[in-house]
Amino acid sequence: MDYDGFFRKGLDGLRKDGNYRTFADLQRRAGSFPKASHLRGNAQDEVTVWCSNDYLGMGQHPKVLAAVHEALDSCGAGAGGTRNIAGTNHYHVMLEEELADLHGKEAALLFSSGYMSNLAALSTLAGRMPGCTIFSDALNHASMIEGIRHSRAPYQVFAHNDPEDLDRRLSEMDPDAPKLIAFESVYSMDGDIAPLAEFCDVAEKHGAMTYCDEVHAVGLYGPRGGGVAEREGLMDRLTVIEGTLAKGYGIIGGYIASSAVVVDYVRSFASGFIFTTSQPPAIAAGALASVRHLKASSEERAAQQDRVAKLRRALDLAGIPHMHNPSHIVPVMVGDAALCKAISDQLMERGIYIQPINYPTVPRGTERLRITPGPLHTDADIAHLVAALSEIWAGLDLKKVA
């Protein structure tokens, strides 16, 4: 078999459909976010980043950088092993305690990434519970879907953000059988928010566990950054809260927070946790500083919400079509993969970086530019972005909205 030929054909198909992904070679500069250097061969240009998941700029915060430097100098670069074998540093212990407190839970458990925390926790909890059925929201993240598949438990997909469909499906189940409902709070592509209270009502009615992914909400919502569940006073009604340290907190890593027995069960049985080298102490120290800061400070959250509102108003005035939602995510809708890439390329020429979002991240025909305004974007940045989009829309003869 011509192996390379097979792989090349698959890549050619992506290029033909406009879905081939290219990476922007960026160099972030501490202290100047959202500005970055864009490297192309021997050329280097400054760009304003509008699509970062470092939603609050905490990856550049002086407290975070100081904590990373201090831990690096005191502990060295690596963790030294898995958590079980020489790899549990005191920074890991303190960070887990801080995260448990953040969500009002008895315990928390760190993972190398948010993807791994979903994969390991969902596959372990559902896969080792005899007779458990998983109920998964139709728009759940790939990491949640992967965890559900790896559990090998039977599952049903309920209509997105639809408590009535979920209730109907659960009503058809054995009331005594174990059940787990998996959903997100903020959905990262459309920016909509789940009806958490209604999901909790349905779960309690049918005796089901709840598993809520708050990765696009932690740090950003609630008086201490505990997410949408904290903002709505629902943390105590959720069985497991999963989060990330790579978005609102600006570092890397994932975690779950739950009762002590649930966390201990995942710690003891999840191979994705047991056999993975733990986070470097400096990374855990930076995340710890970030979580602590955002527990005490609402300044970053308020500034981000102000920037989001200002950008939305400017897009409305310019007639640029964007999806309205109650979150910080601003999807500018294009609807064509090749066109989306072309717009992204033209923006980059104007010093604006927004990555095109195409299939399979979003369904075909819903391609978009996913904009994430942050507290460090200025009024001038917003004016520059909207003017550039207006110029490109006119140049490509694209339809504006009233």
Is there a pair in LYS63/LYS295; LYS9/LYS341; LYS247/LYS399; LYS63/LYS247; LYS247/LYS400; LYS341/LYS399 whose C-alpha atoms are over 24 Å apart, and which pairs would that be? LYS247/LYS399; LYS247/LYS400
If you rank ARG152, ARG169 by how much accessible surface each has, with a 1.4 Å probe, what is the order from largest down? ARG152, ARG169
Using only protein heavy atoms and a 1.4 Å probe, report how much of LEU14 is accessible, in Å² to the nearest 10. 70
Taking only the alpha carbons of the chain, what extent do you get along each of the three principal axes, in Å, biggest first? 61, 56, 55
Computed over the range 38-116, the convex hull of the Cα set has an average projected area, in nm², of 8.4
For LYS179, distant residues with modelled amide H under 5 Å away: THR133, MET209
Hey, if we sort CYS51, CYS75 by accessible area with the 1.4 Å probe, largest down, what's the order? CYS75, CYS51
With the range 247-402 reduced to its Cα atoms and the Debye formula applied, log10 I(q)/I(0) at q = 0.20, 0.21 1/Å amounts to -1.22, -1.29
The orientation-averaged projected area of the Cα convex hull of the range 289-370, in nm², is 7.0
In the chain, carbon and sulfur make up what percent of the accessible area (probe 1.4 Å)? 54
Candidates GLY286, GLY57, GLY233, ranked by Gaussian network fluctuation over the chain, Cα under 10 Å, top entry: GLY233
Once you wrap a convex hull around the alpha carbon atoms of the range 170-248, what is its projected area averaged over all directions, in nm²? 5.4
Once amide H atoms are built 1.01 Å from N in the peptide plane, which residues 5 or more positions from VAL157, or in another chain, come under 5 Å H to H? SER136
Scoring the range 286-402 by relative contact order with C-alpha pairs under 8 Å, at least six apart, yields a percentage of 31
Which residue fluctuates most in the GNM of the chain (Cα springs below 10 Å): PRO34, PRO163, PRO363? PRO363
P(r) over all Cα-Cα pairs of the range 224-337, 10 Å bins from 0 to the longest distance, whole percent per bin, short to long, reads 10, 30, 31, 20, 8, 1
Explain nothing, just the number: relative contact order of the chain, from Cα pairs under 8 Å at least 6 residues apart, as a whole percent. 21
Per 10 Å bin from zero, what fraction in whole % of the C-alpha pairs of the range 136-181 is there, up to the bin with the longest pair? 25, 54, 21
Lys/Arg +1, Asp/Glu -1 at C-beta; the chain dipole; positive extreme among LEU238, GLY87, VAL215: GLY87
What accessible area per residue, rounded to a whole number of Å², is obtained for the chain using a probe radius of 1.4 Å? 44
Exposure of PHE269 as accessible area (Å², to 10), given a probe of 1.4 Å and all protein chains: 90
Relative contact order of the range 305-365: what whole-number percent is it, with Cα pairs under 8 angstrom and at least 6 residues apart? 24
For n ≥ 4 DSSP H runs only, could you compute -39500 (n - 2.57) per run for the chain, divide by its residues and tell me the 222 nm figure to the nearest 500? -13000 deg cm²/dmol
Which of these, ASP54, ASP45, ASP12, has the largest mean-square fluctuation under a Gaussian network model of the chain (Cα springs below 10 Å)? ASP12
Calculate I(q)/I(0) for the range 279-318 by the Debye formula, one identical point scatterer on each C-alpha and no solvent, and give its log10 at q = 0.30, 0.31 Å⁻¹ to two decimals. -0.90, -0.92
Neighbour-limited loop hits for trypsin sites (Lys or Arg not before Pro), the range 1-107 (at most 11 other Cβ within 10 Å; DSSP other than H, G, I, E, B): ARG21
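The values are calculated or read from the model by the stated rules, or taken from the named source; none is laboratory data. These figures come from a predicted structure and were not determined experimentally. So basically every Cβ, Gly included, is an ideal-geometry build from the backbone, and we count neighbours across all protein chains shown. The accessibility values were calculated without ligands, DNA or RNA, using every heavy atom of the protein model including side chains. Shrake-Rupley method; radii C 1.70, N 1.55, O 1.52, S 1.80 Å.
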